[in-house]
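Right, I'll just put the structure down here and ask away after.
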Amino acid sequence: MTMADIQGGNPGAADAQGFWMDDARHRAWLGAQSESQLRFFAASAGDAPGFSMLDHGGEVLGSDVQELHATTRMIHAYSLGHLRGYQGADRIIDQGMAYIASHHKDPVHGGYFWALSDKGVHDERKLAYGHVFVLLAASSAKIAGHPEADALLADIAEVLDQRFWEEDAGLFSDEWNRDWTPFSTYRGMNANMHGVEALLAAYEATGEALFLDRAGRILDFFVYQMASQNAWRLPEHYTNDWKIDRAYAGNHMFRPAGTTPGHSFELGRLALQHWDLSGRPANGARKAARKLIERALADAWLPEGGLAYTLDFEGKVADGSRFWWPVTEAIGAMAALIVMDRSPADEIWYRRLWAFADAHFIDHARGGWYPAIDDHGQPTSSIFTGKPDIYHSLQACLLPLAGRLSRLVLAPGT
């Protein structure tokens, strides 16, 4: 297959030759897509505290449950919007920062509640997955110049260090009760992967080497040990002594059984980002990241297009559901590989992914991305209600615009 073979329906009508990330029309299209998403999800920030879930048309849904990762992802996304000059971003950042302080933060035991509702605390657990997103939000808000970011960053860094970080393993533990008594012995890749993302953002925001060092230790375990020992597939679930738990089958959305190829794209990209921020040492980071990403593409790309949600440990499709976020993460991974190597083979994948997203996931009429499609490639609400959040799809647009590995944050007009 050549680049011209996938030229039909290409985003932004970019040229058939060369690299789309260099093409002015494609870049303008990416910028317009990011603006469209920022406008659509701004409706989440109404008059009430916190943020609301939106239906496909952008109307507020009835549920009042607010989860920590949703609050923090809005802060992160609109911090990026602020850096691009999006009008109205500051109000949304302010609203999110205030809600973390007044609602998510536990005034008794410290740390941050997982979920809230109009009636108060809906789920009082302390989850590493949510807490690392607090670090990401604080770091992005600091880079955007928010006056309360330093205090939030200092607090969440201390909580992560004292409550979640396991120094001997060089990894984050997963979940606690409100009073920091053990909730379970579960250990997981997902919280640690997003921990890498947050630690790298914190390093960029502060220059503190500890953040970069800990991100590297997490990558050492999952990429250079676990993935390399498992045919470059990424085991998700672990026992409390960090042995692979192949029998684990938990929550379908956050902890599905088997392996999740979308996470291989994310972790591969983050490995390249860490390598770049570390001064591009002569180690195996580039080769390892490429193996992780290419294995996930080979295993998960379906004959009808799109990426399977989960695989078994041999790479066979376990759940063929086609969600938006693995496609967005694959786009980000391919953009990182193109920045690194300028490979025509990577460009073919980059175009194929964008063409599929453009045809099936992007809501061109109303904004935002549909979260799932059915067997016929049409939007479906069988798993998700409405459009979950802006985080994955916004980054799919901004990472290629950045044109570099280390910093996602962009100056206005970049």
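Provide a single number: the residues in region 98-128 that are of a type outside the set (A, V, I, L, M, F, W, C) and closer than 8 Å to Leu68 by Cβ.
Result for region 98-128: 2.
Give the residue, chosen from Asp213, Asp220, that is touching a residue at least 24 places away in the same chain (Cβ under 8 Å) and surrounded by fewer than 16 Cβ atoms within 10 Å (Cβ to Cβ).
Asp220
Give me the pairs, please: first residue somewhere in region 277-295 and farther than 20 Å from Arg404 by Cβ, second residue anywhere and outside any helix (DSSP H, G or I) and of a type outside the set (A, V, I, L, M, F, W, C), beta-carbon distance under 8 Å, and either six or more positions apart or on two chains.
Arg295/Arg233; Arg295/Gly315
Okay, next question. What single numbered condition from (1) surrounded by 20 or more Cβ atoms within 10 Å (Cβ to Cβ); (2) modelled with pLDDT under 95; (3) of a type in the set (Phe, Trp, Tyr) fails to hold for Phe361?
Going through the list (1) surrounded by 20 or more Cβ atoms within 10 Å (Cβ to Cβ); (2) modelled with pLDDT under 95; (3) of a type in the set (Phe, Trp, Tyr), Phe361 breaks only (2).
Here are some residues: Ala396, Ala372. Which one is within 24 Å of Leu270 (Cα to Cα) and among the small types (Gly, Ala, Ser)?
Values: Ala372 fails: within 24 Å of Leu270 (Cα to Cα).
Unique residue meeting the criteria: Ala396.
Now a separate question. Just to be sure before I move on: is Glu236 of a type in the set (Asp, Glu), in contact with a strand residue (DSSP E or B) (Cβ under 7 Å, 6 or more places away or on another chain) and under 22 Å from Ala308 (Cβ atoms) in the structure I sent?
Taking the combined requirement at face value, the residue satisfies it.
Taking Lys291 as the residue in question, decide whether it is modelled with pLDDT of 95 or more, charged (D, E, K, R) and under 21 Å from the mean Cα position of the chain (by Cα).
yes
When only residues in region 303-316 that are under 22 Å from the mean Cα position of the chain (by Cα) and either among the hydrophobic types (A, V, I, L, M, F, W, C) or not in a loop (DSSP other than H, G, I, E, B) (or both) count, which is surrounded by the fewest Cβ atoms within 10 Å (Cβ to Cβ)?
The extreme case among them is Thr310.
Related question: Among the numbered criteria (1) buried (at least 23 other Cβ atoms within 10 Å of the Cβ); (2) aliphatic (A, V, I, L, M); (3) under 22 Å from Asp245 (Cβ atoms), which one does Ala169 miss?
With respect to (1) buried (at least 23 other Cβ atoms within 10 Å of the Cβ); (2) aliphatic (A, V, I, L, M); (3) under 22 Å from Asp245 (Cβ atoms), Ala169 is out only on (1).
Tell me, which residue of region 377-407 that is aliphatic (A, V, I, L, M) and buried (at least 17 other Cβ atoms within 10 Å of the Cβ) is nearest to Phe51 (Cα to Cα)?
Checked region 377-407; the qualifying residue nearest to Phe51 (Cα to Cα) is Ile390.
Just one of the numbered conditions (1) within 24 Å of Gln17 (Cα to Cα); (2) touching a Phe, Trp or Tyr at 6+ places or on another chain (Cβ under 6 Å); (3) touching a residue at least 60 places away in the same chain (Cβ under 8 Å) is not true of Ala335; which one?
(2)
In addition: Among (1) under 17 Å from the mean Cα position of the chain (by Cα); (2) assigned to a loop (DSSP other than H, G, I, E, B), where does Ala271 come up short?
The one condition Ala271 does not meet is (2).
Test of understanding: among His131, His103, which residue is touching a residue at least 12 places away in the same chain (Cβ under 8 Å), within 21 Å of Ala202 (Cβ to Cβ) and not polar (S, T, N, Q)? Walk me through how you get there before you give the answer.
Working: His103 fails: within 21 Å of Ala202 (Cβ to Cβ).
Answer to the check: His131.
How about region 67-94: which of its residues are more than 18 Å from the chain's Cα centre (by Cα), more than 17 Å from Phe40 (Cα to Cα) and either at pLDDT 95 or above or part of a strand (DSSP E or B) (or both)?
The one that is more than 18 Å from the chain's Cα centre (by Cα), more than 17 Å from Phe40 (Cα to Cα) and either at pLDDT 95 or above or part of a strand (DSSP E or B) (or both): Asp94.
Please specify each residue of region 235-268 satisfying the condition of being assigned to a helix (DSSP H, G or I) and not small (Gly, Ala, Ser).
Answer for region 235-268, where residues must be assigned to a helix (DSSP H, G or I) and not small (Gly, Ala, Ser): Pro261, His263, Phe265, Glu266, Leu267.
Name the residues in region 317-351 that are surrounded by fewer than 20 Cβ atoms within 10 Å (Cβ to Cβ), within 28 Å of Ser382 (Cα to Cα) and touching a helix residue (DSSP H, G or I) at 6+ places or on another chain (Cβ under 8 Å), would you?
Once the filter is applied, which keeps residues that are surrounded by fewer than 20 Cβ atoms within 10 Å (Cβ to Cβ), within 28 Å of Ser382 (Cα to Cα) and touching a helix residue (DSSP H, G or I) at 6+ places or on another chain (Cβ under 8 Å), region 317-351 yields only Val317.
The values are calculated or read from the model by the stated rules, or taken from the named source; none is laboratory data. None of these values were measured; they are calculated from a predicted model. Every residue, glycine as well, gets a Cβ built from its backbone with ideal geometry; the counts of neighbours run over all protein chains shown.
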